[in-house]
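The values are calculated or read from the model by the stated rules, or taken from the named source; none is laboratory data. Note that this is a predicted model, so its numbers are computed, not measured. Every residue, glycine among them, receives a Cβ derived from its backbone with ideal geometry; neighbour counts consider all protein chains shown.
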Amino acid sequence: MTAETETASYPVTPRNRVKRMHERGSYDRAAVHAILDAAMLCHVAYVIDGQPYATPALFWRRGDTLYWHGSSASRMLRHLKAGTPACLTVAHLDGLVLARSGFNHSANYRSAMCFGTARLVEDEAEKIEAMRDVVDRFYPERSALLRPITPQEAKATTVIAMVIDDAAAKVRAKGVGDDEADFALPIWAGVIPVATVLGEVQVCHRLVGGVDRPETLSIFSEGGRLDTALLEGQRIYEKA
């Protein structure tokens, strides 16, 4: 999609329209991209001979194009080579919502669902660039520090690209939604926040002496949130 034709929102179609709790839905590009960019792991759904599959994969975004990769022997990747309708989804669990009735228990979350036609990246230059991007998107400027990709590694890797044709975000970010009559009940209720937090670095035991951790990895600080680090990594990636 070119800059001239890009709009602030994705088109609303029968397949991406949010039908339940539609007030939580958004088709805004920035909202969808923010949810995608705060994640590393997605699930790609597709159908082979009438059988549905949903495969987890590491993915990244450049503009309106999503990329993911895997082994050339992968059933999913071999199937998508021909150009196949696919649905890529991402979800973040942000809180456990405990109400005064089982019916009103819920969760705070951010989710994005993207639709398009997946294609095999066959151009050699685009493929090598994508294999570098999967490193630099998550770990800023790291590919320049690594040994070059070998022809054997490139041959063993399949890269898939999918332009987002339409997409929707859906978010719940609020407190307990009890029935009015239930607020007077002597039952504990509240929200328990959930986040993926970065732990202490475990340095490779075979690290060559005198090698320090690059400053570019400072976005991954102990005790920091993973989604925050990934959003910062995407910002750096887009500027490169």
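Structure values in brief
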| item | result |
| --- | --- |
| Selection from region 85-100 of residues that are surrounded by 17 or more Cβ atoms within 10 Å (Cβ to Cβ) and modelled with pLDDT under 95 | Ala86 |
| Residue within region 210-228 that is modelled with pLDDT of 95 or more and on the phi > 0 side of the Ramachandran plot present | yes |
| Answer residue from region 23-52, given it is touching a Lys or Arg at 6+ places or on another chain (Cβ under 9 Å) and either acidic (Asp, Glu) or farther than 29 Å from Tyr237 by Cβ (or both) and is surrounded by the most Cβ atoms within 10 Å (Cβ to Cβ) among those | Asp37 |
| Single unsatisfied condition, Leu226 versus (1) in contact with a strand residue (DSSP E or B) (Cβ under 8 Å, 6 or more places away or on another chain); (2) of a type in the set (A, V, I, L, M, F, W, C); (3) exposed (fewer than 11 other Cβ atoms within 10 Å of the Cβ) | (3) |
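Residue-wise test of (1) surrounded by 18 or more Cβ atoms within 10 Å (Cβ to Cβ); (2) aliphatic (A, V, I, L, M); (3) modelled with pLDDT under 95.
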| residue | (1), (2), (3) |
| --- | --- |
| Ala161 | yes, yes, yes |
| Asp165 | no, no, no |
| Ala169 | yes, yes, no |
| Glu180 | no, no, no |
| Pro186 | no, no, no |
| Ile192 | no, yes, no |
